[in-house]
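Okay, so here's the structure we're looking at.
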Amino acid sequence: MKDAPRRIHIRLIRLLIVPVAAALAVLIAGAPGAQAATDVSVIAEELRESPVYVDPDARDILAESDAEALADKIEESDKPVFIAVLPGDQPTENLFRNLRTETGVTGLYGIRLGDAFDARADRSVLSPQGVQNLVTSVQGAGDAKAQLNDFVDSALRNTGGGAPGSWTDGSGGDVPVGGLITVGAVLAAGGAGVYAVSRRNRRRHEEEQRAALEKLRVVVDEDITAFGEELDRLDFHPGEPGADDAMRADYEHALDSYERAKSHMAAARKPEDVRAVTQAVEDGRFALAVLDARRDGRPLPERRSPCFFDPRHGPSVADAVWTPPGGAEREVPVCAADRARLADGADPAVREVDTDHGRRPYWEAGPAYGPWAGGYFGGGLLPGLLVGTMLGGMMAGPGYASDYGAGYGDFGGYGGGDVSGADFDAGDFGGGFGDFGGGGGFGGGGDFGGGF
């Protein structure tokens, strides 16, 4: 948690101001013609100071205490997640785009509008498909408290980047003397509490890392097992007729890689340790491909990356153009079988893994798969392969390296929490409020277009 004493200071100041603001709101609401919607600039100003904003006319949707608890959860996670709770009659035209422009901060924005909920995000924080999946998962989740907590819990696990500094920096304006005395007393008494919260957050982070590693372990064990089965199928014997020193060297290299992969996996303590495992598997699998070519008298294969769709397919044979659902066209390395599938207009054989939302392609499964993919494809290749995907958006965030290691290549773009002003991709925040393919379904090719 960043700058906790200052945050507590700000929170107490808000507690002094909120009752006065509420009283003024009541007086204004009583005036004739005073039902105008809250200006987006006001909402943006509040979100620059705190991750959760509840409009005065929407306090029957989310109680103040629930909003405070939600804000605490987001701030403690240090993630750029913004939540606004607005009345149902708030105008929706260009709502997300205007809010993102006025806020000027890169992040994931969720809006509860009356009984409806929707979200948008900068791609550097979370891909459009990732946002759509999160929104879909909380449709029909119950009241606003349950829905927003479910959304935030999922968002904090999947969103890249860090929180904006404005949540903790404060403005240093005039503060009542009584408020300063109160703040001083709280800070003096709360030092131990801040330390305890810091330790709790660190333990929670370690637990999340362990849980991610256990999910990843299943996939990596499948990779190692598949590699071992390839060794068996090749059925090479160093003393067989026709075997030469080059073949024996290839075979020994493959065996060493197999043992190295198992050793690295046994020693893994966090997701980033898996990178060494998949590097060893990729190296050993190429050695087998060379050995197989030598035995058959074929030209030795070019050293290429594994098949993008499933590294278990072995070294790629070519690059093919592929466009993921809702994403941009890019070239990816493919095996012979997937090249033929794409040429025939069929879907490639994609490596899917278990997620909280069912089986999904590994590039839509969570941040732990960055090191897994990094071992197979190397740093320079990954950004182009993963652009526009959930995993690519996470790896573009500035906080990713501290959690999952560095050296994956330059993903570029703003990270979460960065101040970009109006310099952002408007397409990430376009479309009408609430249009996710018919009530939260996976429709429209991943577009965020349409009307409310």
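Just a yes or no: is a residue in segment 50-63 in contact with a strand residue (DSSP E or B) (Cβ under 9 Å, 6 or more places away or on another chain), open to solvent by less than 10 Å² (accessible area, probe 1.4 Å), among the hydrophobic types (A, V, I, L, M, F, W, C) and within 20 Å of GLY417 (Cα to Cα)?
No: segment 50-63 contains no residue that is in contact with a strand residue (DSSP E or B) (Cβ under 9 Å, 6 or more places away or on another chain), open to solvent by less than 10 Å² (accessible area, probe 1.4 Å), among the hydrophobic types (A, V, I, L, M, F, W, C) and within 20 Å of GLY417 (Cα to Cα).
Considering only residues that are of a type outside the set (Ser, Thr, Tyr) and either open to solvent by 20 Å² or more (accessible area, probe 1.4 Å) or at pLDDT below 75 (or both), which ones fall in segment 394-409?
If the condition is that a residue be of a type outside the set (Ser, Thr, Tyr) and either open to solvent by 20 Å² or more (accessible area, probe 1.4 Å) or at pLDDT below 75 (or both), then ALA396, GLY397, PRO398, GLY399, ALA401, ASP403, ALA406, GLY407, GLY409 are the ones that fit.
I'm trying to understand the selection: among the residues of segment 327-336, which are open to solvent by 50 Å² or more (accessible area, probe 1.4 Å) and either more than 30 Å from VAL135 (Cβ to Cβ) or in contact (Cβ under 8 Å) with a residue 24 or more places away in the chain (or both)?
ALA328, GLU331, ALA336, listed by residue number.
If you check PRO324 against the conditions, is it crowded, with 20+ Cβ neighbours inside 10 Å and modelled with pLDDT under 95?
yes
Keeping to segment 240-279, report how many residues are part of a helix (DSSP H, G or I) and without any contact (Cβ under 8 Å) to a residue 60 or more places away in the chain.
Applying the first criterion (part of a helix (DSSP H, G or I)) to segment 240-279 yields 245-267, 271-279.
Applying the additional criterion that residues be without any contact (Cβ under 8 Å) to a residue 60 or more places away in the chain yields 245-267.
Total meeting the criteria: 23.
Mind telling me which of the residues VAL105, VAL135, VAL85 ends up being within 26 Å of ARG204 (Cα to Cα), open to solvent by less than 10 Å² (accessible area, probe 1.4 Å) and in contact (Cβ under 8 Å) with a residue 12 or more places away in the chain? Walk me through how you get there before you give the answer.
Details: VAL105 fails: within 26 Å of ARG204 (Cα to Cα); VAL85 fails: within 26 Å of ARG204 (Cα to Cα).
None of the other options fit; the residue is VAL135.
Mind listing whichever residues of segment 280-312 are free of Cβ contacts under 8 Å to residues at least 60 places away in the same chain, closer than 16 Å to LEU382 by Cα and touching a His at 6+ places or on another chain (Cβ under 9 Å)?
Residue satisfying the conditions is CYS307 alone.
The values are calculated or read from the model by the stated rules, or taken from the named source; none is laboratory data. All figures in this text were calculated on a predicted structure; none of them were measured in a lab. Virtual Cβ from ideal backbone geometry, glycine too; neighbours counted across all protein chains shown. For the accessible areas, the whole protein counts, side chains as well, though only heavy atoms, and no ligand, DNA or RNA atoms are used. Shrake-Rupley method; radii C 1.70, N 1.55, O 1.52, S 1.80 Å.
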